[in-house]
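Contents: one structure, followed by commentary.
The values are calculated or read from the model by the stated rules, or taken from the named source; none is laboratory data. Everything numeric in this text was worked out from a predicted model, so none of it was measured. Counting neighbours? That spans all protein chains shown, and the Cβs are built from the backbone with ideal geometry, glycine included.
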């Protein structure tokens, strides 16, 4: 299901229009992929200036076509030729259909639908919130999709420190303890390093008891070698 179809279904249900019927009309008009698809109908050498899933006609002004729903949409601040207005154009078309029926869409008649087919049911709830701006899919300028919604972990962003588990108490104790040659951690920290340096905080291994046992073992071995 494309983002346009998903929105049409939600917007139709919110207006008491059968989502299946609304989608059938859109499929018979401008389709469900391109938010600003222009009609391919030619008249006297001019291409019909109808746009979007519900083909809102912007006629007049020497276009060779009469004024239509698109002109009224533009007057309301909605430009069917602008992909960023795609969802508002769908809302405008479905508002018209909910009041006057499908008679203004030839695609509805071509799909075998009566004027008030699927219209008049109880609204399903609040109006849906339109997704983000439509973004053209490559240089074709045809298919378009909503700008992706990014989660809290965006690329290049530091993770939230609070999302990690707490440092084990044994490691905190070992890291906070004074370092000496009698301490296994002190020996590691004090010894000259040729490669990467190790920090006690990075060692997720022995508990305090194990560290003490290792220290005792080292002392015993040193005593035997003396």
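Among the conditions (1) over 26 Å from residue 121 (Cβ atoms); (2) in a loop (DSSP other than H, G, I, E, B); (3) out of contact with any helix residue (DSSP H, G or I) (no Cβ under 6 Å at 6 or more places or on another chain), residue 31 misses just one, which is (1). Within segment 1-18, the set of residues being part of a loop (DSSP other than H, G, I, E, B) and crowded, with 18+ Cβ neighbours inside 10 Å comprises just one member, 15. Here the helices (runs of 4 or more DSSP H) wholly within segment 60-143 that include at least 3 residues being at pLDDT 95 or above, under 16 Å from residue 25 (Cα atoms) and in the same structural domain as residue 22 (by TED's automatic domain parsing) are 86-100. Surrounded by 17 or more Cβ atoms within 10 Å (Cβ to Cβ) and closer than 24 Å to residue 132 by Cα, is that true of residue 88? Against the criterion (surrounded by 17 or more Cβ atoms within 10 Å (Cβ to Cβ) and closer than 24 Å to residue 132 by Cα), residue 88 qualifies. Kindly evaluate residue 22 against the criterion of being within 22 Å of the chain's Cα centre (by Cα) and in a helix (DSSP H, G or I). It is false that residue 22 is within 22 Å of the chain's Cα centre (by Cα) and in a helix (DSSP H, G or I).
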